[in-house]
Every structure is written in structure tokens, then in C-alpha cells.
């Protein structure tokens, strides 16, 4: 099984040099553009594009983490600790409006 940390290392090996040259702000802009493409695919209900854009969004998120020297797997586990961080339940029982 591949972990988030494994994927983050792969993205680092593949793109860190290029991402570093581009810089944090421009990499963030690319990330936001990918989120926009995901949104358009969702609105079109284009399942294949949604799948591709989800992969792109995740890859760009990981690239941002690499530039910031943040271990995404570690921060997710720290915040969520395998439960909802607010109500501490699985599934979440928080009273949010939809």
C-alpha cells in the first residue's frame, strides 16, 4: 500500500527542483487553477475529468507541502487523529448546516 508520505516523496523526486525555481506563490497559483478545473469538471458531471483533476489537485497540494517542508501525512494525522477533530466521533456528529 502506498502512503501519503510515499506520494509526497515521489512528487518531491519528480518536481521539487522545478517547483523550487517556480517558487511558492506561483506553485500556489497552479494549485488554485487545478482546483478550478476540478470545479468545472464537477459542474459538468464529467467523471473521468473529475478523477484526473483530483489527482492533479492532490499532486499540486503535495508540491506546496514539499516547498514548505511540511509532511502532509503527519499534519493530517495530528489534526484528525483518526476522528473528527471537533466532535471526536466517526462518523462526524457535528451540527453543521449543509
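The values are calculated or read from the model by the stated rules, or taken from the named source; none is laboratory data. Quick caveat: nothing in here was measured; it's all calculated off a predicted structure. Here Cβ is always computed from backbone atoms with ideal geometry, including for glycine, and neighbour counts include all displayed protein chains.
Some observations on this one:
- Residue 4 vs. criteria more than 14 Å from the chain's Cα centre (by Cα), under 30 Å from residue 95 (Cβ atoms) and surrounded by 13 or more Cβ atoms within 10 Å (Cβ to Cβ): no
- Of the set (1) surrounded by 12 or more Cβ atoms within 10 Å (Cβ to Cβ); (2) in contact with a helix residue (DSSP H, G or I) (Cβ under 8 Å, 6 or more places away or on another chain), all apply to residue 85 but (1).
- Applying a threshold of 7 Å to beta carbon distances and a minimum spacing of six or more residues, or different chains, the list of pairs starting in the stretch 70-84 at a residue that is closer than 21 Å to residue 11 by Cβ and ending at one that is surrounded by fewer than 12 Cβ atoms within 10 Å (Cβ to Cβ) and at pLDDT below 95 reads 79/85.
- Pairs meeting the criteria (first residue in the stretch 31-44 and farther than 11 Å from residue 56 by Cβ, second residue assigned to a helix (DSSP H, G or I) and at pLDDT below 95, beta carbons under 9 Å, at least 6 apart or on different chains) are lacking.
- Failed condition for residue 52, given (1) at positive phi; (2) at pLDDT 95 or above: (1)
- Tally, over the stretch 53-69, of residues that are touching a helix residue (DSSP H, G or I) at 6+ places or on another chain (Cβ under 8 Å) and free of Cβ contacts under 8 Å to residues at least 24 places away in the same chain: 3
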